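Participant: Below is the structure I would like to discuss, written out as structure tokens.
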Amino acid sequence: MTDQGVGGSPTRVGGRDRVTGHQTYVADVRLEDALHAKLVSIDCARARIVAIDVSAALAVPGVRLAITANDLPQPMPRFGPQFIDRPVLAVDETHYHGEPVAAVAADTHDAAEEAARLVRIEYEELPAVFTIAAALDPDAPLVQDPSFRPGDPLARTNVLREHRYGWGDVEGATADVVVEGTYTFPMVTQFAIEPHGFIAAPDGDGIAIWSSIQHPSWLQRVIAGLLHLPLSKVRVFAPDPGGGFGGKQHAKYEPLVAFMALRAGRPVRLVLTLEETFQAVRRGASEIRVRSGFRFDGSLVFRDVEANYLIGAYADIADRTVGKGSYTSSGPYLIPAVRIVARSVLSHTTPSTAFRGFGNPQQIWAVESNMDEAAGVLRIDPLALRLRNLADRGDAFIPGDTAADGDWAKTVERAAEMIGWGSPPVAGRGRGIALGLKSGPTTGLSYSTVRLLADGSVVVHAGTSDMGQGARTIFAQIAARELGCPLEWVTVVMGDTAVVPYDQQTSASRSSVLMGNSILNGCREVQAKLRSMAARLESVDEDAITVDRGEVRIGERVLPIRDVLIRGLGRLGGEVIGIGEMRKEAEPDHPLGGTAAFYEFNCTAVEVEVDRATGDIVVVRHVTVSDVGKALNPMQVRGQDEGAAVMGLGHTLMEHYIHDETGRIRNLGAIDYRIPTSMDLPLRMESDIIENEDGPGPYGSKGMSEGALLCVAPAVAAAVRDATGVVIRDLPLTPERVWRALRDAAAPTR
Amino acid sequence: MRAFAYERPATLADAVTVLGDGGPDARPLAGGTDLIIRLRDGSIQPRVVVDLKWIAELDREIRDGDDRLTIGARTVMTDLAADRRIRREFPALAEAAAVVGAVQIRNRATLAGNICNASPAADTAPALLVYDATVLVAGPGGSRQIPIDAFFVRSGVTTLVRGEVVTAIELPRAASSPGAVHLRRTRRRGHDLASVTLACAVQADGTTRLAYGSLGPRPVLVTDVTGVLADPAAPERAKVERLDTLFVAASPSARSMRASPDYRLAMLHVLGLRAVGIALGRLADGANAR
Amino acid sequence: MTIQPIEVTVNGRARRIDVAPHHTLLEVLRDDLGLTGTKECCLVGECGACTVLVDGVSVDSCLMLAVEADGATVGTVEGIATGDRLHRLQQAFLDTGAAQCGFCIPGQLISAQALLALTPHPTRAEIEEGLAGNLCRCAGYEQIIEAVQAAAAADPAASQGAAER
């Protein structure tokens, strides 16, 4: 095995449990006496609930609970990270296909299933809106009751919010060439291999919750608020999720399960079926019109973006994805005049939520496709067009926000070099390139505790959720490096709010930077205490002592930390504790509430072959390069980047929800919702990273994990255009869609 | 899923009785890769599931006969895809069996179960049609043989009567094997249900047999006796026209999630032409090898 | 509801258990035998998270009734290591970083084990096909494939007749 330190790739902490089947996910947690719960919903996109009869359900042997909205506090408790809009159970009306109207709990899973089948619901199907056009129609039924937004002029529309950003004068700008297009992005779902799981159990005078949640502290706050409990009486256990991708960030059915557990006086366990997860979480779909003006030499003069994102029936964090994602629609370019209007449009569909990329993949699909079309119109090489407009390090490419924080040109040039851009094209193939960025976290607060134990081993408490990105490992690497102990001597404790201090959330690729720095700070505090110890022991001034990595240096003398520690702790023993705090304060005047801690920048270049007769796209080569500052664990970075790339190929080539004419989802489950398998990979996938140690995180790192997904779709579409001449503005690029586009292009007079 | 009783008949006679008596409330279980999905989603709710895998008279062998190959009812897709004789003499069937799902599915799914399930998209059906297979059946009325083309009625329906069980599937061995191939259209390169599934066999005497599935309620066999398709020297245009005529009855569902009707029809023609070319090539290779 | 007694050898240990006919092998392994290493995801035989070995062959345990395993030998992820000694496949998965969130990994390991038993020196295409019934959403599959290649190369029987590919 290679170097164990930071920048090395030691074996994943928690890896052994994962390869032996001993890793405990929430569905593996066994509680004595737990009741099994099942959700009951109506097979409609929208319905008025007339009556619910649970008597037959309650008569099933072993059934302990069958609840509806009437059994919950009045008025119905609601929750949500942006709007307090989501009811614990549907009241009067259901607003999306799969919204629970009742829940049952029984001694056995079989009894719960049978009881769920026996719940009788009398309902009246109502017309549902599930497209942007339908939702924006002036006569459309309102998804959200206007009373949720008193005084809001948009309250009588399905536009939840409209975001406006920009600078300069778009109207007055004069361009030689204007390229315009409308680009659509479908509804897709996270499809983590682990379906969501939730357990709640009465815990003394409080409650304990187990959840596959990415934000344990946030969930704690939500539950405490809904149950009117002090935070200290709500304990959230957050086992490592089996994939999150944003779909497990915010509370979904934990509140319901909590009410049920308190009602039953016993633990209640709910694990969603895969079909139920499709009904519970997805990405916002979008229609984005981009109008860009260029000078003949390819310089961007203006960019005018109007984006409608179709979010679901409840806001969840969807509007934030719209606001934050569309905010960077100008891309990493220097554009004198920019106007962005982005709307969150409510619909009677699965509530969209955070999903890797957070609103950016949709707009990058639009703006980078637009750039590629512009390259064609301008007769400028697509790579050259990007480089001409690309911001340099230090450029204030978005006025009022963090300046460009990387050598982006180098990232682009590396990708171009790897794909062989400019080399003679192979017959029948095409190449495409796209680049983009997303803002890192705009605010943040991460606490950690670092405990240097008496023998020099270390325990770190950090509230980040390790859902596969490898947070646990890099935290251990940081502590091991700073405190000079072997990696195997570090234990990282996560996922228990009773034991682990506050962490705002795990999202926005923030944890390397925010929690990483927090742990670094915790280590610094431990080091400071060791300096005091050494000063006392050696009768030397503290200023004369440095503690660096595993060593205490006093002038010429070098002492291992362990020696100082053992002597310093003395007879009573004990430990040295450091508290780490990393904070990024909000900036209320900023449109996003804060500037970007860093940018995730990626360039993706692909080479494809298109079978013109069938429309099949084969990605022959896929190159992805990310600007990461410092790869704390290169093996994990590669895993995340290549994983993100393949996930991007999913929405690029095959993933989409299919609805029937009334708004029901037709392709629930794994048979008709297709994601890439091991046989759907690019024939050759290569990833690389740019490391300039120019990030705000430990050792110059930046966040990563989302970048390599951002630009996949426009790169592939550009390659298809290069290979066939055909421009396609709608995803996914299924064989049928490509075939149809080729056919329509060949017979334009149809 | 809902509870049901489970029977494990040890003999064919017992199985026939249990299935006959049970009627629609009794469902046979072979590989389970279709049945269990339907049990889970509640689309079927049998009172009893009858496991056919313990019946003494049914086996998993592929037996050599002079003029036929007999495939036992318990033979799974993995067996077919790996069997030397199937690969050499009935390559379209081997190729179809190799794509009926991923390896975990292929290790359980039986050929008999695949045809009894009678999905219009069953991948093995087109191959069995072009190879003129015969289905051997045992039932309350005794044993009988059903030509494969008379076996399928429409989606989910075969000509089996209540209580009948497939005991084997026979493939006639020709004096000289045709050149044959199986092709299909899917939404991704990874395993998927086919939106078009097609087999083609070109015989040395100039007859071309094509069978397609997923373009209508049941798989369809068409035969070209003009010799145009089998003629390596015939211009492509002539073959295309011949295929157009042969495929005229194809009627893809308008409701399918997997592909639109016009795409399916277009792909039928694309695959048909490609299949003919490959089959011709294999016929020539086979002739050269002798 | 009738109960059916079955005899099944799981990870080398003979078990005699009573099962309900409508319970799948997956449910019985997880809930009755406490072997939670095998995972539940799609329950329609598409994702492979539930893959186990039955009589040496990989199957989706969600598509098998427990009663069908009567008399069979079942292998789950918990049975791959020998005591605390990892199998070279598991070590390879660790060495290449193949496990990220880890949820698909038990199924991947079983499928890889089955593949290598059948084809000790698989080509890249054979590995891709052999793992095609195991969905992963975290990795791009590359590191998983590399792990299988590494394990194949580390096969102690490698010296004998490794076919030219």
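The values are calculated or read from the model by the stated rules, or taken from the named source; none is laboratory data. Please read these numbers as outputs of a predicted model, since none were measured by experiment. Cβ placement follows ideal geometry from the backbone for every residue including glycine, while neighbour counts extend to all protein chains displayed. For the accessible areas, the whole protein counts, side chains as well, though only heavy atoms, and no ligand, DNA or RNA atoms are used. Shrake-Rupley method; radii C 1.70, N 1.55, O 1.52, S 1.80 Å.
Participant: May I ask for the accessible area buried between chains B and C, both sides summed, probe 1.4 Å, to the nearest 100 Å²?
Facilitator: Working: alone 13810 and 8750 Å², together 20310 Å².
Accessible area lost upon association: around 2200 Å².
Participant: What is region B:162-290 by shape, rounded, prolate or oblate, if you read a ≥ b ≥ c off the alpha carbon gyration tensor as root eigenvalues and call it rounded for a/c under 1.5, prolate for a/b larger than b/c, and oblate otherwise? Don't jump to the answer; show the numbers that get you there.
Facilitator: Values: a/c = 1.80, a/b = 1.23, b/c = 1.46.
Here region B:162-290 falls in the oblate category.
Participant: Which of A:Gly242, A:Ile419, A:Thr614 sits farthest toward the positive end of the charge dipole of chain A, with +1 on the Cβ of Lys and Arg and -1 on the Cβ of Asp and Glu?
Facilitator: A:Gly242
Participant: What is the list of residues in region A:299-313 whose amide nitrogen lies under 12 Å from a point 7 angstrom out from the Cα of A:Ala384, following Cα to Cβ?
Facilitator: A:299
Participant: Taking every eigenvalue of the Cα gyration tensor of region A:633-687, multiplying by 5 and rooting it, what semi-axes result, largest first, whole Å? Walk me through the numbers on the way to the answer.
Facilitator: On the way: eigenvalues 175, 26, 15 Å².
They are 30, 11, 9 Å, listed from largest to smallest.
Participant: Name the residues of region B:99-124 whose accessible area falls by at least 50 Å² when all protein chains are present instead of the chain alone, probe 1.4 Å?
Facilitator: B:Gln104, B:Asn107, B:Arg108
Participant: What length, rounded to one decimal in nm, is gained on full extension from A:Phe148 through to A:Glu693, with 0.36 nm per residue of separation minus their alpha-carbon distance?
Facilitator: Details: separation 545, 0.36 × 545 = 196.20 nm, distance 4.64 nm.
191.6 nm is the gain from fully extending A:Phe148 to A:Glu693.
Participant: Protein chains only, probe 1.4 Å: how do A:Phe296, A:Phe355, A:Phe259 rank by accessible area, largest first?
Facilitator: On the way: A:Phe296 140, A:Phe355 10, A:Phe259 30 Å².
Sorted by accessible area, descending: A:Phe296, A:Phe259, A:Phe355.
Participant: Let me ask something additional. May I ask you to rank A:His590, A:His109, A:His22 by accessible area, largest first, using a 1.4 Å probe over the protein chains only? Write out the running numbers ahead of the final one.
Facilitator: Details: A:His590 20, A:His109 70, A:His22 110 Å².
Largest to smallest exposure gives the sequence A:His22, A:His109, A:His590.
Participant: Would you please give the FRET efficiency between B:Ala284 and B:Gln145, computed as 1/(1 + (r/R0)^6) with r the Cβ-Cβ distance and R0 = 45 Å, to the nearest 0.05? It would help to have the intermediate numbers written out before the result.
Facilitator: Numbers: r = 33 Å, r/R0 = 0.74.
It comes out at approximately 0.85.
Participant: Would you mind checking the pairs A:Lys248/C:Lys39; A:Lys248/A:Lys324; A:Lys38/A:Lys233; A:Lys252/A:Lys702; A:Lys529/A:Lys584 and listing those with alpha carbons more than 23 angstrom apart?
Facilitator: Numbers: A:Lys248/C:Lys39 18 Å; A:Lys248/A:Lys324 19 Å; A:Lys38/A:Lys233 26 Å; A:Lys252/A:Lys702 30 Å; A:Lys529/A:Lys584 25 Å.
A:Lys38/A:Lys233; A:Lys252/A:Lys702; A:Lys529/A:Lys584, as the Cα separations exceed 23 Å there.
Participant: Rounded to a whole number, what is D in µm²/s for region B:62-172 from Stokes-Einstein with the Kirkwood radius over alpha-carbon pairs (20 °C, 1.002 mPa s)?
Facilitator: On the way: Rh = 13.8 Å.
Taking Rh from Cα pairs, D becomes 155 µm²/s.
Participant: Taking every eigenvalue of the Cα gyration tensor of region A:587-678, multiplying by 5 and rooting it, what semi-axes result, largest first, whole Å?
Facilitator: Working: eigenvalues 195, 112, 38 Å².
Gyration-tensor ellipsoid for region A:587-678: 31, 24, 14 Å.
Participant: Between the alpha-carbon centers of region A:125-160 and region B:224-268, tell me the distance in whole angstrom.
Facilitator: 48
Participant: Extension gain C:Leu118-C:Ile3, at 0.36 nm per residue separation less the Cα-Cα distance, in nm? Present the calculation step by step, with values, prior to reporting the outcome.
Facilitator: Details: separation 115, 0.36 × 115 = 41.40 nm, distance 3.59 nm.
Working it through step by step, the gained length comes to 37.8 nm.
Participant: Can you tell me, using C-alpha contacts under 8 Å and at least 6 residues apart, the relative contact order of region A:594-669 as a whole percent? Present the calculation step by step, with values, prior to reporting the outcome.
Facilitator: Values: 57 pairs, mean separation 15.0, N = 76.
Contact order relative to length: 20 percent.
Participant: Let me ask something else about it. Grab the beta carbon distance between B:Asp66 and A:Thr24, set R0 = 45 Å, and tell me the FRET efficiency rounded to 0.05. Could you put the intermediate results ahead of the total?
Facilitator: Working: r = 60 Å, r/R0 = 1.34.
Computed FRET efficiency for B:Asp66 and A:Thr24: 0.15.
Participant: 7 Å from Cα along Cα→Cβ at both A:Val618 and A:Lys233: what's the point-to-point distance in nm?
Facilitator: 6.5
Participant: Here's a follow-up. Would you check the accessible area of A:Tyr699, probe 1.4 Å, heavy atoms only, in square angstrom rounded to 10?
Facilitator: Rounded to the nearest 10, that gives 50 Å².
Participant: A further question on this structure: State to the nearest 20 debye the size of the charge dipole of the protein assembly as shown about its Cα centre, where the only charges are +1 on K and R beta carbons and -1 on D and E beta carbons.
Facilitator: On the way: 122 positive and 147 negative charges, 111 e Å.
Rounded to the nearest 20 debye, it is 540 debye.
Participant: Where in region A:169-186 does the label zone of A:Arg289 land, with the point 7 angstrom along Cα→C-beta and an amide N cut-off under 17 Å?
Facilitator: From region A:169-186, the list is A:170-172, A:178-185.
Participant: Also, quick follow-up: Using +1 at the C-beta of Lys and Arg and -1 at the C-beta of Asp and Glu, which of A:Gly394, A:Met371, A:Leu346 has the Cα lying farthest in the positive direction of the dipole of region A:334-407?
Facilitator: Positive-end residue among those listed: A:Leu346.
Participant: Quick check on the protein assembly as shown: helices-only [θ] at 222 nm, where DSSP H runs of length 4 and up contribute -39,500 (n - 2.57) each and the sum goes over total residues. Nearest 500, please. Write down the numbers at each step before the final one.
Facilitator: Details: 32 runs with 337 residues, N = 1205.
The helix-only estimate for the protein assembly as shown comes to -8500 deg cm²/dmol at 222 nm.
Participant: If I take every Cα pair under 8 Å that is 6 or more residues apart in chain A, average their sequence separation and divide by the length, what percent do I get for the relative contact order?
Facilitator: Details: 1928 pairs, mean separation 111.7, N = 750.
Relative contact order, chain A: 15 percent.
Participant: Can you compute the FRET efficiency between B:Glu241 and A:Ala746 using 1/(1 + (r/R0)^6), with r the Cβ-Cβ distance and R0 = 22 Å? Round to the nearest 0.05.
Facilitator: Result of the calculation: an efficiency of 0.60.
Participant: Still on this structure: Ranked from the most accessible area to the least, with a 1.4 Å probe and all protein chains present, what is the order of A:Phe130, A:Phe601?
Facilitator: Working: A:Phe130 40, A:Phe601 5 Å².
Putting A:Phe130, A:Phe601 in descending order of accessible area: A:Phe130, A:Phe601.
Participant: Here is a further query. Using a probe radius of 1.4 Å on protein heavy atoms only, what is the accessible area buried between chains C and A, both sides summed, to the nearest 100 Å²? Mind showing how you got there, number by number?
Facilitator: Working: alone 8750 and 27980 Å², together 32640 Å².
For C against A, buried area totals roughly 4100 Å².
Participant: Could you work out how much longer the chain between A:Asp455 and A:Arg429 gets when fully extended? Use 0.36 nm per residue separation minus the Cα distance between them, nm to one decimal. Write out the running numbers ahead of the final one.
Facilitator: On the way: separation 26, 0.36 × 26 = 9.36 nm, distance 6.10 nm.
Working it through step by step, the gained length comes to 3.3 nm.
Participant: Just to be sure I understand the curve: with the Debye formula and one point per C-alpha of region A:444-584, what is log10 I(q)/I(0) at q = 0.11, 0.12, 0.20 Å⁻¹?
Facilitator: Once normalised to I(0) and log-transformed, intensities are -0.39, -0.46, -1.08.
Participant: Is the C-alpha gyration tensor of chain A telling us rounded, prolate or oblate? Criteria: a/c under 1.5 is rounded; beyond that, a/b larger than b/c is prolate, otherwise oblate.
Facilitator: Judged from the Cα gyration tensor, chain A comes out oblate (a/c at least 1.5, b/c at or above a/b).
Participant: Which residues, if any, in region A:240-268 have at least 10 Å² less accessible area in the whole protein complex than in the isolated chain, probe 1.4 Å?
Facilitator: A:Gly242, A:Phe245
Participant: I've got another one for you. According to the square roots a ≥ b ≥ c of the eigenvalues of the Cα gyration tensor, what is the shape class of region B:148-218, taking rounded for a/c under 1.5, prolate for a/b larger than b/c otherwise, and oblate for the remainder?
Facilitator: Numbers: a/c = 2.03, a/b = 1.09, b/c = 1.87.
Verdict is oblate for region B:148-218.
Participant: With a length cut of 30 Å (Cα positions projected on each helix's long axis) and a Kyte-Doolittle mean of at least -1.0, go through chain B and give me the DSSP H helices that pass. All intermediate terms of the calculation are to be shown ahead of the outcome.
Facilitator: Values: long enough: B:261-289 (41 Å, 0.58).
Flagged H segments are B:261-289.
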